[in-house]
Amino acid sequence: MARYFRSEVDIKSPWHQVLAAFWQRYPNPYSAHVLTEDVLYREVTPSNHLLSRRLLTKTNRLPGWAERVFPAHMARAVYVLEDSIVDPHTRTRSPPRPGT
């Protein structure tokens, strides 16, 4: 089953630092649950927006009841598809809107 997540936050730091932190957040010793991070697609559009699609593999701890039901050797990884659009003019990074 697919799940979607979106959040907004206004970070009071220089734009170049915020964007660098976003792109360089993995590998991270505090995020050992993130196994892989792969860039699937990147493009700079004619309007100077950066489109990016990344695939992350993360471990997924099962709820206690499911650990009793499913075998211990069963894979415990989930895949996260992350789409983003970076607009350097407005200094925003956001997911694409549906239909775009």
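Please determine, by comparing only the residues of segment 1-16 that are modelled with pLDDT of 85 or more and not polar (S, T, N, Q), which one is surrounded by the fewest Cβ atoms within 10 Å (Cβ to Cβ).
LYS12
Do you know which residues across segment 33-45 are part of a loop (DSSP other than H, G, I, E, B) and either in contact (Cβ under 8 Å) with a residue 12 or more places away in the chain or surrounded by 12 or more Cβ atoms within 10 Å (Cβ to Cβ) (or both)?
The answer is HIS33, and nothing else.
Pull up segment 62-91, narrow it to residues that are exposed (fewer than 10 other Cβ atoms within 10 Å of the Cβ) and at pLDDT 90 or above, then point me to the one that is farthest from GLU8 (Cα to Cα).
Per the stated criteria, the residue is HIS89.
Given the criteria under 18 Å from the mean Cα position of the chain (by Cα), part of a strand (DSSP E or B) and surrounded by 10 or more Cβ atoms within 10 Å (Cβ to Cβ), does LEU19 qualify?
Criteria not met by LEU19.
Of all residues in segment 46-59 being without any contact (Cβ under 8 Å) to a residue 24 or more places away in the chain and assigned to a loop (DSSP other than H, G, I, E, B), which is surrounded by the most Cβ atoms within 10 Å (Cβ to Cβ)?
SER47
Taking SER7 as the residue in question, decide whether it is closer than 18 Å to PRO95 by Cβ, among the hydroxyl-bearing types (Ser, Thr, Tyr), under 19 Å from the mean Cα position of the chain (by Cα) and part of a strand (DSSP E or B).
Details: closer than 18 Å to PRO95 by Cβ: yes; among the hydroxyl-bearing types (Ser, Thr, Tyr): yes; under 19 Å from the mean Cα position of the chain (by Cα): yes; part of a strand (DSSP E or B): no.
The answer is no for SER7.
Got a number for residues in segment 50-61 being aliphatic (A, V, I, L, M) and at pLDDT below 75?
Final tally of qualifying residues: 0.
The values are calculated or read from the model by the stated rules, or taken from the named source; none is laboratory data. Every value quoted in this text rests on a predicted model; they were computed, and no experiment measured them. Neighbour counts are summed over all protein chains in view; Cβ atoms, including those assigned to glycine, are modelled from backbone coordinates with ideal geometry.
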